[in-house]
1. Among 11, 178, 91, whose mean-square fluctuation peaks in a Gaussian network model of the chain (Cα, cutoff 10 Å)?
2. If I take R0 = 41 Å and measure r between the Cβ atoms of residue 148 and residue 119 in this structure, what FRET efficiency does the formula 1/(1 + (r/R0)^6) give, to the nearest 0.05?
3. Can you tell me which lysines have their Cα less than 25 Å from the Cα of residue 160? Leave out same-chain residues fewer than eight positions away.
4. Grab the eigenvalues of the alpha-carbon gyration tensor for the chain, scale each by 5, take roots, and send me the semi-axes largest first in whole angstrom.
5. Counting alpha carbon pairs within less than 8 Å and at least 6 residues apart, what relative contact order, in whole percent, applies to the chain?
6. Pull out the extension gain between residue 161 and residue 219, defined as 0.36 nm times the separation in residues minus the alpha carbon to alpha carbon distance; nm, one decimal.
7. At a 10 Å Cβ-Cβ cut-off, how would you order 210, 68, 196, fewest neighbours first?
8. As a test of the definition: which semi-axes, in Å, follow for the stretch 98-139 when you take the square root of five times each eigenvalue of its alpha carbon gyration tensor? Largest first, please.
Amino acid sequence: MSLNQKKENIPSHIAIIMDGNGRWAKQKSKMRLYGHLNGVKSVRETVECAAELGVNFLTLYAFSKENWDRPKKEIKGLMNLLIKTIKKEIPTLMKNKISLKTIGNTQDLPLKCQNNLKEAIETTKDNNHMTLILALSYSSRWEIVEAVKKIIKNKSIHSKINEQIFSEYLTTNKIPDPELVIRTSGEHRISNFLLWQIAYSEFYFSRKMWPDFNKQDLIRAINSYKKRKRRFGKIK
Ligand code: IPE
Ligand code: IPE
Ligand code: MG
């Protein structure tokens, strides 16, 4: 599979709901954590491929606020994996000139994880080829409520509030809305991801479980996006 019409009309921002790690492992009679471990491979391949294709922003939904309600053992495994991976992937980010950002309530994460994230964000901050945004302890409703709380505190802004100003209070401030949202694992739902930001996004659903998602699948999703007619409520 190759990219249709080369690099024209590549989405500037792709957001991915990386789903299906647990089921992938179960199909292989392995522990769920084995699925998460193998999901890291797909993250690396997707990040490198997106950067290569000229995507400017890639948001990966890695851990939702609701995911804290999973068994302690799975959470612990996931957090340890996150701590290890962030550190290990800094050279890849540097090589591909990718800067790292996070959205979500990262204060909920273990301190070690927060520190590694801070270090990776600081080390990569001048990279300008692509921005990788990790959604961690993220919930879109939480984000919207937090924005409202900040606005309530800032009385001087009340009479000026409009969509533009409101969006500046979200954790995605300065990040353009995603043109394309991909979800793997065959589920057709949003699961509290970027509710405000996806108002006019295109959706692509892949039946593959996340650990099987590869470069070819990303190109397939982008080619599908390229064929869409986006109307934004207009006629032409
Ligand atoms: C996605 O895979 C990763 C996270 C949510 C952390 P899941 O863990 O949701 O895997 P399934 O959907 O149960 O197969
Ligand atoms: C969405 O997947 C969150 C992430 C991919 C991090 P979930 O597996 O948590 O979503 P549901 O429970 O299927 O809606
Ligand atoms: Mg899932």
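Readers should treat all values here as calculations from the given coordinates under stated rules, not as data from a laboratory. Values in this document were obtained by computation on a predicted structure and should not be read as measured data. For neighbour counting, all protein chains shown are included, and Cβ atoms are generated from backbone atoms with ideal geometry for every residue, glycine included.
1. 91
2. Efficiency, from the Cβ-Cβ distance: 0.80.
3. Leaving aside lysines fewer than 8 places away in the same chain, those within reach of residue 160 are 149, 150, 174.
4. Working through the eigenvalues yields semi-axes of 26, 24, 18 Å.
5. Result for the chain is 30 percent.
6. 17.0 nm
7. 68, 196, 210
8. Sorted largest first and rounded, they come to 19, 13, 5 Å.
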